[in-house]
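The values are calculated or read from the model by the stated rules, or taken from the named source; none is laboratory data. From a predicted model like this one, the values you see are computed outputs, not experimental measurements. FYI the Cβ positions are ideal-geometry reconstructions off the backbone, even for glycines, and counts take in every protein chain you see. Accessible surface is based on the protein model in full, side chains and every heavy atom, while ligands, DNA and RNA are left aside. Shrake-Rupley method; radii C 1.70, N 1.55, O 1.52, S 1.80 Å.
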Amino acid sequence: MDATDVSALAAEELNWSALLPVSDTAADGFGEVPGLSLSSILRLMEEQGKIGFWWHDLATDRFSVSPGAARISGVPLTAIRTHENLLNRIHPQDRPFQIDQVGLINTGQPLRREFRIVRPDGTIRWVSSRIDVVLGDDGRPVRFIGILSDITERREAQRAVEFNHGRHMALIEATSALSWIADLSGQSIDHTAWCELTGMGSDSCAGEGWLDAVHPNDRDRVRASYRAAVAQGGVYNIDYRILTQAGEYRWYNARSAPVRDASGAIREWQGVLLPIDGDYRPVIGDPDTDEVPALTGAHIRGARGLLDWSLAQLASVSGVSVSTIKRMEDGSEGNTRASKSEAVRRALQTGGISFRVIEGTTWISR
């Protein structure tokens, strides 16, 4: 197919009206608005976005392009264009999937495709190509009209999202973790993994229903700790027992953090469950007896340090007086009443502290 040089179009104002017959323009209402031309509308569209137009008149075999289309392709406005060299601009990896375009549009079928192009300078851009066909009175194509949009930024953003998702899934698989998602208020919205672990139905897990699978002796502190994390917008980190599908309780470490948007506002919560090795035993209670070892003054001071809590803050959360906590920490309280020790321990756990006993030594973590 011979191509016609479009240098004349570059020297003069482009014949934008060739995009549509006059009758079509009038029918769409453009001809009814004084001072409004199709040329000015299309030019404005190009100036406001990464978009360009081209058209191929079959009677004259002329390919014409707008300045926007020339900018997107990187091919000068005055260059000779043919179906062959236009096809050669398509990325080699995408070209096999686009060679059917000519045959399809010759049948009068409109097309919409997305693919990469290689500019003459070697840069690669993603484009969206939409081609429509104008038919003559005999029903055969007389003109092809195309819109070309540069969608590189959207495609790169999509690729980044897909890549990050792949990283996330690889990390989940590598750590044997189970993931979950909660909404802004902390209510569970994606609990597929929890349902698979516990055998609970999706409806039963909604809201705070997932807590039904938490060991009864752990449930109150888990609920309190989770609500505190959501209220403060902080990290949630706690150990507790979950009733699995096998009908047995197993220890898991649950962690979650807020997902924030560009402004810093919390959009949702992302969490994971990590199985705890059998050699690790949280101080919050033996799986069988639930006997709670007493915390020493060093445990309380260490936990307060991790939370950056003052004596007054711990007293406020636990309901135990500052003076009593101070005596508990320096060891001068003597035999502290079990209820007060328990209140302090639960307050620290509510703040996000976990206690574990490893080979007889108590370890504190947040």
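The table for this structure:
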{"quantity": "Matching residues in the range 46-75 - criterion: being charged (D, E, K, R), at pLDDT 80 or above and open to solvent by 70 Å² or more (accessible area, probe 1.4 Å)", "calculated": "K50, R62, R71"}
{"quantity": "Selection within the range 276-323 - modelled with pLDDT of 55 or more, outside any loop (DSSP other than H, G, I, E, B) and not hydrophobic (A, V, I, L, M, F, W, C)", "calculated": "G297, H299, R301, G302, R304, G305, Q313, S316, S318, S323"}
{"quantity": "Within the range 326-359, tally of residues that are β-branched (V, I, T), at pLDDT below 75 and assigned to a helix (DSSP H, G or I)", "calculated": "1"}
{"quantity": "Failed criterion for S225 (all others in (1) under 18 Å from S179 (Cα atoms); (2) touching a residue at least 40 places away in the same chain (Cβ under 8 Å); (3) of a type in the set (G, A, S) hold)", "calculated": "(1)"}
{"quantity": "Residues of the range 76-121 that turn out to be open to solvent by less than 30 Å² (accessible area, probe 1.4 Å) and under 36 Å from the mean Cα position of the chain (by Cα), as a count", "calculated": "8"}
{"quantity": "Condition broken by S204, with the remaining ones in (1) open to solvent by 60 Å² or more (accessible area, probe 1.4 Å); (2) touching a residue at least 60 places away in the same chain (Cβ under 8 Å); (3) not charged (D, E, K, R) satisfied", "calculated": "(2)"}
{"quantity": "The range 208-260 - residue that is under 17 Å from H191 (Cα atoms) and of a type in the set (S, T, N, Q) and, of those, most open to solvent (accessible area, probe 1.4 Å)", "calculated": "Q245"}
{"quantity": "Any pair with Cβ under 6 angstrom, 6 or more apart, that starts in the range 312-323 at a residue that is under 13 Å from S339 (Cα atoms) and ends at one that is open to solvent by 20 Å² or more (accessible area, probe 1.4 Å)", "calculated": "S318/A343; G319/A343; V320/K340; V320/A343"}
{"quantity": "Strands (runs of 3 or more DSSP E) within the range 68-170 that include 3 or more residues without any contact (Cβ under 8 Å) to a residue 60 or more places away in the chain", "calculated": "111-118, 124-135"}
{"quantity": "Residue within the range 199-207 that is out of contact with any strand residue (DSSP E or B) (no Cβ under 9 Å at 6 or more places or on another chain) and under 18 Å from F355 (Cα atoms) present", "calculated": "no"}
